[in-house]
Amino acid sequence: MKNVTEAATPSGVVVHLDETDPAKHAAVLRNVSNLIDALEPETQIELVIHGPAIGLLLPGSPHNETVRALQNRGLVIDACQNTLRSEHITPEQLIPDAAIVPSGVAHLVLRQREGWAYLRP
Amino acid sequence: MKNVTEAATPSGVVVHLDETDPAKHAAVLRNVSNLIDALEPETQIELVIHGPAIGLLLPGSPHNETVRALQNRGLVIDACQNTLRSEHITPEQLIPDAAIVPSGVAHLVLRQREGWAYLRP
Amino acid sequence: MKNVTEAATPSGVVVHLDETDPAKHAAVLRNVSNLIDALEPETQIELVIHGPAIGLLLPGSPHNETVRALQNRGLVIDACQNTLRSEHITPEQLIPDAAIVPSGVAHLVLRQREGWAYLRP
């Protein structure tokens with residue numbers, strides 16, 4: 001019975017991004033796209049962004065359209081409140097539909113405690 | 001009973017490599033060697049390679065002999081099919097005995113769901 | 001009952017650092033500080049240091065005071081014995097109160113087997 005339940009609700013995945021390089025951002029977004037293609041459609045996938053990676057979520061990033069397309073496929077974007085505070089960025093300045101988590105690193109821990117897999121490309 | 005079973009079959013380890021730098025490859029191969037030395041002999045260890053790291057599995061890599069030696073000690077090499085496709089590499093072009101997984105990042109998730117530890121040096 | 005027990009003893013966190021760049025060291029120490037702020041006070045947090053990151057634990061590092069302050073807040077520092085041996089560093093040369101683990105990468109595996117979360121900033 002337990003296995004049936006587990007099969008019906010696959011555990012989620014948190015993907016960790018804290019680097020500044022746009023080429024790295026492109027690679028991680030490709031990884032997320034591959035995850036969506038390969039895993040069960042109901043798998044929850046969150047991309048947790050903190051530190052110097054926050055630029056990915058500003059309108060000037062070259063990857064705005066790619067992020068939008070992944071959000072439309074179900075990806076949840078989590079921006080770190082600690083980073084926003086230290087960088088003097090308000091949530092309104094971010095691209096649409098980014099969730100705010102109090103601490104990016106703590107969120108990655110909490111999801112793992114819930115049984116989610118962790119990826120740090 | 002459960003603990004006895006767990007002790008008898010230690011969970012495996014997936015090691016994640018997606019960087020291009022041969023010095024990084026050397027460091028990760030040293031990490032794998034240290035894992036083999038330190039963990040129980042029956043521990044399954046897989047090195048999952050995707051993206052720009054795929055060069056480690058081509059005959060031109062300076063680390064071919066080190067990889068061979070680690071395979072002889074039980075290391076399983078997993079190459080990402082998505083990467084092979086996008087890089088126009090056929091499985092026959094890889095060094096011997098590399099397993100092919102449909103998606104490197106998804107494989108890292110599936111192993112964690114099976115209780116394996118994850119390392120991203 | 002199980003949930004009550006789990007709530008009373010939150011699982012720990014291992015943070016993995018194997019890079020040489022002092023700016024990276026500063027970022028990881030900020031991440032650890034944010035973890036301490038955000039997680040329950042009784043959460044065990046260990047920073048596992050191996051390979052070229054070992055310089056963070058030598059008296060010449062610019063981050064000695066920050067490490068000391070985090071240790072005073074409960075952070076455990078684990079230095080890799082394999083690294084000390086290959087770099088010809090004795091435990092006495094390290095900053096005070098660094099624990100020694102036989103293998104940094106194996107320690108990260110063992111903690112995950114105990115249910116700890118893993119972070120690799």
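Structural remarks
- Checked against (1) under 25 Å from B:ALA23 (Cα atoms); (2) within 13 Å of another protein chain (Cβ to nearest Cβ); (3) in contact with a Leu (Cβ under 8 Å, 6 or more places away or on another chain), C:LEU56 passes all but a single condition, namely (2).
- Scope region C:74-102; condition on the phi < 0 side of the Ramachandran plot and under 13 Å from the mean Cα position of the chain (by Cα); matching residues: C:LEU75, C:VAL76, C:ILE77, C:ASP78, C:ALA79, C:CYS80, C:ALA98, C:ALA99, C:ILE100, C:VAL101
- Residue in region B:1-9 that is buried (at least 20 other Cβ atoms within 10 Å of the Cβ) and either within 12 Å of another protein chain (Cβ to nearest Cβ) or within 29 Å of A:LEU29 (Cα to Cα) (or both) present: no
- Qualifying residue in region C:110-120 (condition: without any contact (Cβ under 8 Å) to a residue 24 or more places away in the chain, in a loop (DSSP other than H, G, I, E, B) and open to solvent by 10 Å² or more (accessible area, probe 1.4 Å)): no
Yes/no per residue for (1) touching a residue at least 24 places away in the same chain (Cβ under 8 Å); (2) more than 14 Å from chain C (Cβ to nearest Cβ); (3) exposed (fewer than 13 other Cβ atoms within 10 Å of the Cβ):
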site: A:VAL15; (1), (2), (3): yes, no, no
site: A:VAL28; (1), (2), (3): yes, no, no
site: A:LEU39; (1), (2), (3): yes, yes, no
site: A:PRO52; (1), (2), (3): yes, no, no
site: A:ASN64; (1), (2), (3): yes, yes, no
site: A:ALA106; (1), (2), (3): no, no, no
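- In a residue-by-residue description of region C:75-88, the property of being closer than 15 Å to C:THR20 by Cα and surrounded by fewer than 16 Cβ atoms within 10 Å (Cβ to Cβ) applies to at least one position.
- When the residues of region B:1-56 are filtered to those that are at pLDDT below 95 and assigned to a loop (DSSP other than H, G, I, E, B), the one that is farthest from B:LEU84 (Cα to Cα) is B:MET1.
- Scoring A:ALA69 on the criteria (1) surrounded by 12 or more Cβ atoms within 10 Å (Cβ to Cβ); (2) without any contact (Cβ under 8 Å) to a residue 12 or more places away in the chain; (3) within 14 Å of chain C (Cβ to nearest Cβ) leaves a single failure, condition (3).
- Any hit, region A:61-70, residues being in contact with a Phe, Trp or Tyr (Cβ under 6 Å, 6 or more places away or on another chain) and either over 23 Å from B:HIS50 (Cβ atoms) or not aliphatic (A, V, I, L, M) (or both): no
- Evaluated against (1) under 22 Å from B:ASP37 (Cβ atoms); (2) of a type outside the set (D, E, K, R); (3) touching a Cys at 6+ places or on another chain (Cβ under 7 Å), B:LEU119 falls short on exactly one condition, (3).
The values are calculated or read from the model by the stated rules, or taken from the named source; none is laboratory data. The structure displayed is predicted, hence computed values, not measured ones. Don't worry about glycine lacking a Cβ; one is built from the backbone with ideal geometry, like all the others, and counts go over all protein chains shown. Just the protein is used for accessible areas: all its heavy atoms, side chains included, with ligands, DNA and RNA removed. Shrake-Rupley method; radii C 1.70, N 1.55, O 1.52, S 1.80 Å.
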